[in-house]
Structures are given as structure tokens and as C-alpha cells.
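Structure first, then comments.
The values are calculated or read from the model by the stated rules, or taken from the named source; none is laboratory data. Computed from a prediction, not measured in an experiment: that's the story for all the values here. Methodologically, a virtual Cβ is constructed for each residue, glycine included, from the backbone with ideal geometry; neighbour enumeration extends over all protein chains shown. Surface accessibility is based on the protein's heavy atoms, side chains included, excluding ligands, DNA and RNA. Shrake-Rupley method; radii C 1.70, N 1.55, O 1.52, S 1.80 Å.
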Amino acid sequence: SNRQAQRELVSSNNDKGSQGKFDFIPTEQDLRDAIDNKQLVLYYQPQINMETQSVHGAEALIRWLHPEFGIIPPDKFIALAEQTGLIEQLTEVVIQLAISQSVQWQKVDKTIRLSINISAQNINSLKLPEQLKMLVKQYELDPSLIVLELTESTLMDIEVTSLDILTRLRLKGFQLSIDDFGTGYSSLSQLHKIPFTELKIDQSFVANMKKENESKAIVQTCIMLAHKLNMEVVAEGVEDKDTWDLLLAEGCDIAQGYYIAKPMPADQFDKWQFKG
Ligand code: C2E
Ligand code: MG
Ligand code: MG
Ligand code: MG
């Protein structure tokens, strides 16, 4: 069968897992089972305040720990989750895991933020705001430490009710971030309608800024725009010192990328962050 063939190919290519040449293509039922069997976990990638060089927070990034295929990255299953409606359950799991992690961090450091990626469907109903409200109350957590990331491409066809839900989340104190900025087609008026507190420059511009003047110009413009609109700016995909230095000179607030650290499991993040 197709599945059997996939298994053989992957096991002969074990160290690369799903990132190898031969892809595991999950079905809706696979994903449903993964949720039920608690195979979805979060990795955390640090974000650094560029000026103080201290840890600003971490972004929670989902991974599927598949018993046969290894670590499956999100781009292999988030679209499927969105198409099948499973994204509602998936995000519920993510929020539960992320917030309990954040509660652990708060015991050691009361300033560390946690960024969570959410999809457009998650703001079509009141489910997400209600879950967030409930958890924040249960754990007595400061909502301003929770950052909800929405990709710019999500915002193109956002409905009025979703705009309303985002505004209400902001009024409750949650932070709102516009992710992958520069790659979507949202208008500036759309950007203005939603009370974003953070702008994340897409990594494609960051990765090219040291060798391409156009990318550098886009990064500079993003930083300026964000600051004029009273938002903090995060550069993602910072892979080397040259890029870090350029971003610092341009006044970028926060950096995230392999130059600092790759996403890692919670226990490793604890060692990285609270060492000594
Ligand atoms: P994103 O939110 O833009 O996350 C950043 C991605 O860039 C992550 O990939 C991260 O591992 C990668 N990255 C970070 N630093 C570097 C770097 O220096 N160089 C390079 N080349 N890559 C870097 P990842 O974890 O595979 O996530 C991909 C996308 O999947 C995310 O993009 C986000 O849109 C989505 N995603 C991840 N977790 C979730 C989730 O829990 N829910 C939803 N709805 N989407 C998620
Ligand atoms: Mg993100
Ligand atoms: Mg991004
Ligand atoms: Mg992205």
C-alpha cells in the first residue's frame, strides 16, 4: 500500500525523519488520532530583546511526534487541520499546553512572554476567547504575557465578527501580533483596524537583508511602520551575527532565529533559559 511504501522509505531515511526526501502525507483520521493520542507537542523558540540581550519570551511551535515517522513539522498538517475543521481541537490542545508551560515559567521569571500561533477559523467563534479567559482566570495569569499571532495572509478576508473578537481579546489584555508581515496582501487600513501590539517581519526579508538592498529597505520600512503605529517589532529568521548587527542598528526590538536558538522541547528550553 501507499502507507506501507511510505514507512519503508522513511525507515531507510531515519535520521531525517519526515524532513527527508519521502514525505508522510497524513489523512484526516491520522490527525484525529494524533490529537486523541496526545502526539502533538510544543517546541519553544526564544525571542531576545535586542537592546538588553535578555529573554523577551518564546514562540510555541507545534510538532507531531509520530511513532513511526518521527517529528512532523507543522507545514505538513496545519493546512489539513484548517481544511477539516480539526484546527479548533488542535488549537485548544496548543493553548492548554502553552499556558500550562507559561505558568511554570512564571514561577521563575514573571516577565517572560509566550507567543501562540492561531488560525483564522479560531476567531470565527467565541470558543478561543472563552478558553483563554478561563485559563487566565484559573492560573491567575497576566494576559499581557500571552501573544496571539495571526499571519498577515489570514487577515485578507477576515470577517467583521472576527475583527470584533480580536478587539475584545485585546481589551482583555492579550497581545496581538501580525505574523509573516510583508508576504500577505492585507491592506494598511486592515492593519490599522485591528489593535495589533506586535509586528513580525517575515523571515524571507530578514534572511536576505545583508545581501539584498531591497530586502533591507523592506525591513527598515517595517520597523518604521511598526514604531509609528506603536507596535513592537520582531525579526524572525535571524541566522547570523551580521544580520543581528544590522537589525540592531535599524532599531529592531526583538530577534528570533537560529543565530540565537532553534525551537526546542520545554525541558531543553528551561535549561537554556534558567541555566545556573
Ligand atoms: P511561523 O509562526 O512564522 O514560525 C516561524 C518558523 O520559522 C518556525 O517553523 C521556525 O522553526 C522557523 N525558524 C525560526 N528561526 C529560523 C531561522 O533562523 N531560520 C529558518 N530557516 N527558520 C527559522 P515551524 O516551527 O516549522 O513552523 C512553521 C509555521 O507553522 C509557523 O510559522 C506557523 O505559521 C505554523 N505553526 C506552528 N505552530 C503552530 C500552531 O500551534 N498553530 C498554528 N495554527 N500554526 C502553527
Ligand atoms: Mg508565528
Ligand atoms: Mg512568521
Ligand atoms: Mg511562517
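Across the stretch 198-217, the number of residues qualifying as hydrophobic (A, V, I, L, M, F, W, C), assigned to a helix (DSSP H, G or I) and within 15 Å of ligand 1 (Cβ to nearest atom) comes to 3.
When the stretch 218-231 is filtered for residues that are assigned to a helix (DSSP H, G or I) and touching a helix residue (DSSP H, G or I) at 6+ places or on another chain (Cβ under 9 Å), the ones remaining, listed by number, are ILE218, VAL219, CYS222, ILE223, LEU225. Scanning the stretch 232-252 for residues that are open to solvent by 10 Å² or more (accessible area, probe 1.4 Å) and either touching a Ser or Thr at 6+ places or on another chain (Cβ under 7 Å) or part of a strand (DSSP E or B) (or both) turns up GLU232, GLU236. Is it true that some residue in the stretch 157-169 is over 20 Å from GLU92 (Cα atoms) and touching a residue at least 40 places away in the same chain (Cβ under 8 Å)? The answer is no; no qualifying residue exists. Looking only at residues of the stretch 40-86 that are over 17 Å from the mean Cα position of the chain (by Cα) and of a type in the set (D, E, K, R), we find that the one that is modelled with the highest pLDDT is GLU51. Candidates are the residues of the stretch 198-219 that are open to solvent by less than 20 Å² (accessible area, probe 1.4 Å) and out of contact with any Gly (no Cβ under 6 Å at 6 or more places or on another chain); the one that is nearest to ligand 2 (Cβ to nearest atom) is LYS200.
Every residue in the stretch 257-271 that is away from ligand 4 (no atom under 16 Å from the Cβ) and under 16 Å from ARG63 (Cβ atoms), please. Listed by number, the residues that qualify are ALA261, MET264, PRO265, ALA266, ASP267, GLN268, PHE269.
Name every residue in the stretch 49-79 that is more than 8 Å from ligand 1 (Cβ to nearest atom) and either out of contact with any helix residue (DSSP H, G or I) (no Cβ under 9 Å at 6 or more places or on another chain) or assigned to a loop (DSSP other than H, G, I, E, B) (or both), in order of residue number.
ASN49, MET50, GLU51, THR52, GLN53, SER54, HIS56, PRO67, GLU68, PHE69, PHE77, ALA79 - these are the residues of the stretch 49-79 that are more than 8 Å from ligand 1 (Cβ to nearest atom) and either out of contact with any helix residue (DSSP H, G or I) (no Cβ under 9 Å at 6 or more places or on another chain) or assigned to a loop (DSSP other than H, G, I, E, B) (or both).
Pairing residues of the stretch 184-212 that are at pLDDT below 95 with residues that are open to solvent by 20 Å² or more (accessible area, probe 1.4 Å) and within 12 Å of ligand 1 (Cβ to nearest atom), at Cβ distances under 6 Å and at least 6 apart in sequence or on separate chains, gives GLY184/SER153. Do we have any residue at all in the stretch 224-231 that's within 16 Å of ligand 4 (Cβ to nearest atom), polar (S, T, N, Q), without any contact (Cβ under 8 Å) to a residue 60 or more places away in the chain and under 26 Å from THR111 (Cβ atoms)? Checked the stretch 224-231: no residue is within 16 Å of ligand 4 (Cβ to nearest atom), polar (S, T, N, Q), without any contact (Cβ under 8 Å) to a residue 60 or more places away in the chain and under 26 Å from THR111 (Cβ atoms).
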